[in-house]
Amino acid sequence: MTARRASAREFIALVADGFHELPHVERESRPDGPLGWPGYDASRERAARRTGESESVVCGVARVEGVRAVLIAFEFGFLGGSLGERTGDRLVAAYAYARQHRLPVVPLVATGGSRMQEGMLALTQLQRVAHESALTREAGLAQIAVLRDPTTGGGWATLGAGADVVLALPGAQVGFAGSRVRPPDADPAAYTAEAQLAAGAADAVVPVTELRDVLGRWLRLLTGGTPEAAGRPAEPAAPVPDALGARDLPRTGRDAVRRARAPERPRARAYLDAYFTDRLAISGDRCGGADPEGMLCGFGLHRGRTVAYAAQTGAATRPAGYRTAARLIRLAGRLGIPVLTLVDTPGAANDAAAERQGAGAAIADLFGAVATARTPLTTLVIGEGGSGGALALAAPGRTWATPDSYFSVIAPESAAAILKRPPQETDATADQLRLRPQDLAELGVIRTEQSHGTQDNRAHRP
């Protein structure tokens with residue numbers, strides 16, 4: 001048995017233990033269904049004999065690496081895993097059970113879409129599913145989808161793409177348009193898990209041999225919060241990371257800029273590795289883009305509790321990076337998880353492609369997400385803090401800086417150019433901008449005291 005051909009119950013056994021199916025009530029159906037579609041009853045009977053199932057989804061509770069979750073597994077062998085009225089009934093019941101018992105939901109999706117033989121009544125099940133998913137999201141419960149082969153149509157556009165975290169199997173067919181309804185000249189590579197990852201619609205492509213472990217880690221991370229939506233207090237703020245680089249403060253503005261730009265200075269990955277004992281990344285802005293080179297986002301374990309992170313890497317941040325960070329902050333807020341942000345960018349990407357991708361709107365969205373965050377944010381400037389493209393990721397009133405960083409309204413070279421100063425006056429301009437950590441502390445832009453729960457952080461106290 002391969003993952004591609006696995007039945008619903010076989011796939012459940014691949015990722016979980018102790019599966020207990022939820023009870024379901026089958027609605028009465030007229031002969032050959034609500035439309036009287038000739039031969040529909042016979043098709044369902046053949047599907048039932050072939051698969052041993054009475055519908056296209058199997059819903060129940062199981063443990064994934066020790067974490068209890070509601071699993072929704074599609075049986076593709078039953079009429080192509082299509083959604084009909086009875087399918088919708090089972091999905092509604094599964095989501096309601098998850099909310100009642102405060103359990104995360106894990107759809108294991110393999111579907112061709114809505115059931116033709118039930119017409120618009122089948123299509124409207126997508127509205128029911130979307131409603132249940134929204135209620136579950138508002139309840140502060142995580143939804144982690146696993147995309148099997150194929151995941152198309154309304155199943156992809158609701159249970160799949162609508163999940164908080166989207167994992168996909170390698171080579172799985174994933175797309176809104178199924179293989180039989182695409183234009184004849186469509187590139188099949190665009191309808192794959194890998195293409196969805198590149199387009200920012202999926203978070204990771206995970207080999208089936210690693211799926212149980214990865215899914216278990218995600219469930220442990222995302223069930224570690226205490227959501228305000230559930231009437232419980234949010235987790236306290238994340239502690240400030242210890243500085244990893246220089247320990248002495250820069251003498252001049254130019255010295256601060258030089259040290260922040262030094263290739264040997266510790267970057268985001270070094271800070272994340274030192275801070276977290278385990279972490280998993282999310283990827284993509286869910287609207288066509290990803291910025292893996294400029295923004296790292298995800299969730300990790302710090303001293304036994306979950307902290308979300310959004311970290312700039314030292315490169316210019318692209319619009320998709322800002323949108324991904326905003327997505328992360330809002331997800332963390334729903335789940336009651338504190339957020340750590342690491343600022344390190346010369347500024348927002350300013351090329352023509354960035355403008356076409358909505359740079360201004362993306363930065364505005366991140367400013368809004370930070371301003372309205374439902375859980376506390378902690379920010380550490382670890383390198384370059386270039387203008388609004390850096391400030392968008394900074395927590396007002398809860399920002400610290402390392403000794404090998406700077407924060408400025410604009411890079412000193414650009415400031416000199418705007419002021420029509422010759423290049424030899426760049427150093428003096430850097431001093432006038434007062435961008436050193438000690439200047440920022442004196443101006444009240446950054447904090448100097450230790451964060452609650454941290455160890456000795458004198459390395460980044462100006």
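The values are calculated or read from the model by the stated rules, or taken from the named source; none is laboratory data. Computed from a predicted structure; not experimentally measured. Cβ atoms come from the backbone with ideal geometry, glycine included; neighbour counts cover every protein chain shown.
Quick rundown of the values:
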| read-out | value |
| --- | --- |
| Helices (runs of 4 or more DSSP H) contained entirely in segment 72-186, each with at least 3 residues that are buried (at least 24 other Cβ atoms within 10 Å of the Cβ) | 85-101 |
| Of residues in segment 424-453 being in a loop (DSSP other than H, G, I, E, B), surrounded by 15 or more Cβ atoms within 10 Å (Cβ to Cβ) and not small (G, A, S), the one modelled with the lowest pLDDT | Q450 |
| Subset of segment 128-159 (residues that are touching a Ser or Thr at 6+ places or on another chain (Cβ under 6 Å) and at pLDDT 95 or above) | V129, A130 |
| Residue within segment 9-20 that is outside any helix (DSSP H, G or I), of a type in the set (G, A, S) and either touching a His at 6+ places or on another chain (Cβ under 6 Å) or within 21 Å of V129 (Cα to Cα) (or both) present | no |
| Residues satisfying the stated conditions in segment 29-71, i.e. of a type in the set (A, V, I, L, M, F, W, C), in a loop (DSSP other than H, G, I, E, B) and touching a Ser or Thr at 6+ places or on another chain (Cβ under 9 Å) | W37 |
| Residue pairs meeting the criteria (Cβ under 6 Å; at least 6 apart or on separate chains; first closer than 21 Å to A364 by Cα, in segment 326-339; second assigned to a helix (DSSP H, G or I)) | A326/D365; A326/L366; A326/A369; I329/A369; R330/A369; V339/I329; V339/A332 |
| Flag if D456 is at pLDDT below 90, within 20 Å of T341 (Cα to Cα), part of a loop (DSSP other than H, G, I, E, B) and not basic (K, R) | yes |
| Matching option when the condition is modelled with pLDDT of 95 or more, in the same structural domain as S179 (by TED's automatic domain parsing) and over 16 Å from Q143 (Cβ atoms), among R63, R27 | R63 |
| Residue check for R49: loosely packed, with under 14 Cβ neighbours inside 10 Å, among the basic types (K, R) and on the phi < 0 side of the Ramachandran plot | yes |
